[in-house]
Every structure is written in C-alpha cells, then in structure tokens.
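Before any comments, here is the structure.
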Amino acid sequence: MKRMGTLLVVAGATMPGIAAAQSGVTIYGVADLYTEYVRSGAVHVARVEDGGLYQSRWGLRGKEELAPGLSTVFTLETGLALDSGTAQQGGRLFGRQAWVGLSSNDWGALTFGRKNTPIYYIEGQASAFGFSPYGPLGRLQNGGPAGSSLTARADNSIRYESPELAGLQGSAIYSFGAERTSAPRDADRLAGLALTYARGPLWLGLAYERTYSINAVTDADRDERAIGAAYEFPWAKLFANVRQATRWVPGQATLKDRGFHVGTTIPVGGAGLVLVAYGMQQSVGTPNRGQQLSIGYQYSMSKRTTLYANASKIWNTNGANYTFSNIPNEVTASSVSDPRGVMIGMRHLF
C-alpha cells in the first residue's frame, strides 16, 4: 500500500485520514478571508478579499522512508482566492509549490521543481505581519520600482538545504528559468544563497538572489539582498528586516530601492496577540520615499481558527506611489495621496 502513490493521492481527496495513515500523504490548507475599507484621497472602496494573514491554499505533502534517516519528500500546493473561488499564481494548478526530492538527516535535502526562494523565507520570518497586505513587508519592501515584487518562487529549480549544525543552516537554489533555446538563453534564471542561525530565542537570517533577463529582456537583471532578525522575550517578540533591490533595464537608469521595517508582537490575555510595525522604503538617488505604520490584533478561538483586525496608513513623499491592495492613489502634478485602510477577517487552518 505504501507504494501505490497515485491511487492514494486520489483517494486522499475523499478519505484523507486513511490516506495519511497508509502512505504518509497529508492534506492541509488555509482558508483566510477579510472585509476591508481602503481610502486614498477621493478614491475609496469596501470589499471582501483573500489572505489577510496568510494567502488561502490547499496542498498535499508526502514522505516515504527509504532507509533510516533517508526519505523521499514532496509537496504540491495550490494558491486560492476564496473571495472568487479562483486559483492564484496566474491560474496554475500548483502555483505555490510543486516539488519532489530526497531528505537525509546526515547531508540535508535536495529537491527539484517549483520552490520557494531563500529570500522569501528570510523576509517572512523577520516580519511581525508576515506577508499580510497590511504589513510593511507586503506593501513597501516588495512594491518599489526596483523590486516590483519579491521573487518568491522559482520554476525549474534545484534547491539544497543543509542539515542544522550548532544552530546554523544554509541553503542554495538555482533555477533554469524559462529554459529558452533562443536568446536570451538566461531568461528568468535565478541563483540564490541563504544562511540562518536559530538558537533559543534568537533567530538571524541573510539571503542574496540574482534574477537574469527578466521577462526575456536581455540583461534586465535584478539583485535582491535581505538581512532579518527576530528575538522572543517572554512578554514580546521583536522583528527587524533590511532589504535592497537593484534593477538593471537596458537603455534606462539603474533603479535601486532600499528599505527596512521593525515590529513586535505582544501576547495579551492568553489567546490574544497585538501587532505593531513601522517600515520605510526609499528609491535611492531620488526624494521618493514611503513610510507605513501598521497595528493589528489577533484572537485565537482555537489552535486552528483565528479572528483578526488590522489598520494601516502609508505616507507617500514626493513621487513615491505605494498603495494598499492595488487600489490606485489620487495622483496630481505635485503630490500623491496617502492611503489608509482597515480590515477584519478570519483564518482557519486545516
């Protein structure tokens, strides 16, 4: 029964408990929806959206032990937009993750497929709000002209993750990109490295990535660097992150964004959590700057169900044009409006 992988994956859709027990396949997911009101100048909107804490998803995760300390592992994960019932990541079946590989207690893990990049993990771990649309990481640091958006996942990739040694763990990824046979041959290729340290209440991480010939434009490369830290006290957890993105576009001036954010989460009353974060993003060599302040509250109704509320405001300086949830700002010849928003929502893990 262990080796009837295809049959058990299909059966898992209707009998997840039996499938998990017999094959090591786990069905999991997140259902997260919120209602928000966003205003920026004269522009305003009220609506229901997906992913106030985590983007909704469902997935299959599997493991088969081949020998003591050596296993085959895989993950297939689909991003969902619960407000419309559609798939995220451009409609891909498994757009969040799709990979298979080997994992060893002695030498680490080697996996192949569509993988999360090291910088995605580093930034998420160093953010009080994670990638919430109301946190500085989701709005400022991944919304600048150079960064455009974080390179969160890489197709056609090989990733190695080392075993942990005295709290240190390294990882490396190489993506073959679009796998073109004509120029530019390096379209959307990606190479990245990361190193983390975790010991007791302290977590540290750094990452570097380079993406080549983005969207098949020769030499339109992007360089991303991030340093993150977190420290957990009994009464609060502190977060800090610094990121820089540089973008080269042939025939245009080099674009460079540099920013940081700091934040904290404070437990309240056993089941509650207060979140506060501040971030700043600067377009290097210009006066364009965005600043953001975010506050939030989460209440755990159980281990799997959380209610939450967030509020945030962005201050755009000069030509900066940072927004909430893709709602356009009011732009004039001399200024850009400052967006602010509030949301309430619920996240359920399954």
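Structure above, values below:
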| read-out | value |
| --- | --- |
| Among (1) buried (at least 16 other Cβ atoms within 10 Å of the Cβ); (2) under 21 Å from the mean Cα position of the chain (by Cα); (3) among the aliphatic types (A, V, I, L, M); (4) under 27 Å from residue 257 (Cα atoms), the one test that residue 320 misses | (2) |
| Which numbered condition residue 314 fails, given (1) touching a residue at least 60 places away in the same chain (Cβ under 8 Å); (2) more than 20 Å from the chain's Cα centre (by Cα); (3) over 23 Å from residue 49 (Cα atoms) | (3) |
| Tally, over the range 209-229, of residues that are outside any strand (DSSP E or B), surrounded by 18 or more Cβ atoms within 10 Å (Cβ to Cβ) and β-branched (Val, Ile, Thr) | 1 |
| Qualifying residue in the range 79-89 (condition: in a helix (DSSP H, G or I), at pLDDT below 95 and under 30 Å from residue 176 (Cβ atoms)) | yes |
| Any chance residue 254 is modelled with pLDDT of 95 or more, touching a Phe, Trp or Tyr at 6+ places or on another chain (Cβ under 9 Å), surrounded by fewer than 20 Cβ atoms within 10 Å (Cβ to Cβ) and not hydrophobic (A, V, I, L, M, F, W, C) | no |
| Answer from 54, 120, 134 - the residue that is in contact with an Asp or Glu (Cβ under 6 Å, 6 or more places away or on another chain) and not in a strand (DSSP E or B) | 54 |
| Number of positions in the range 118-136 that are in contact (Cβ under 8 Å) with a residue 24 or more places away in the chain and surrounded by fewer than 21 Cβ atoms within 10 Å (Cβ to Cβ) | 4 |
| Residues located in the range 324-343, provided they are part of a strand (DSSP E or B) and under 20 Å from residue 263 (Cβ atoms) | 340, 341, 342, 343 |
| Odd one out for residue 321, checked against (1) at pLDDT 95 or above; (2) assigned to a loop (DSSP other than H, G, I, E, B) | (1) |
| Residue within the range 177-190 that is in contact (Cβ under 8 Å) with a residue 40 or more places away in the chain, farther than 21 Å from residue 324 by Cα and polar (S, T, N, Q) present | no |
| Condition check for residue 72: of a type in the set (S, T, N, Q), at pLDDT 95 or above and buried (at least 20 other Cβ atoms within 10 Å of the Cβ) | no |
| Residue within the range 97-117 that is surrounded by 23 or more Cβ atoms within 10 Å (Cβ to Cβ) and not in a strand (DSSP E or B) present | yes |
| Residue 86 vs. criteria over 30 Å from residue 316 (Cα atoms) and surrounded by fewer than 18 Cβ atoms within 10 Å (Cβ to Cβ) | yes |
| Any chance residue 71 is of a type in the set (Ser, Thr, Tyr) and either within 24 Å of residue 224 (Cβ to Cβ) or part of a loop (DSSP other than H, G, I, E, B) (or both) | no |
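Yes or no, residue by residue, for (1) in contact (Cβ under 8 Å) with a residue 12 or more places away in the chain; (2) among the basic types (Lys, Arg); (3) surrounded by fewer than 15 Cβ atoms within 10 Å (Cβ to Cβ):
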position: 247; (1), (2), (3): yes, yes, no
position: 263; (1), (2), (3): yes, no, no
position: 267; (1), (2), (3): yes, no, yes
position: 275; (1), (2), (3): yes, no, no
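Every residue, every condition in (1) of a type in the set (Asp, Glu); (2) at pLDDT 95 or above; (3) under 19 Å from residue 349 (Cβ atoms), yes or no:
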position	(1), (2), (3)
24	no, no, no
27	no, yes, yes
31	no, yes, yes
36	yes, yes, no
39	no, yes, no
48	no, yes, no
56	no, yes, yes
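Table: residues versus (1) within 22 Å of the chain's Cα centre (by Cα); (2) crowded, with 20+ Cβ neighbours inside 10 Å; (3) in a strand (DSSP E or B).
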position	(1), (2), (3)
170	yes, no, yes
177	yes, yes, no
182	no, no, no
188	yes, yes, no
191	yes, no, yes
197	yes, no, yes
207	yes, yes, yes
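The values are calculated or read from the model by the stated rules, or taken from the named source; none is laboratory data. Everything quoted here is computed from the prediction, not taken from an experiment. Methodologically, a virtual Cβ is constructed for each residue, glycine included, from the backbone with ideal geometry; neighbour enumeration extends over all protein chains shown.
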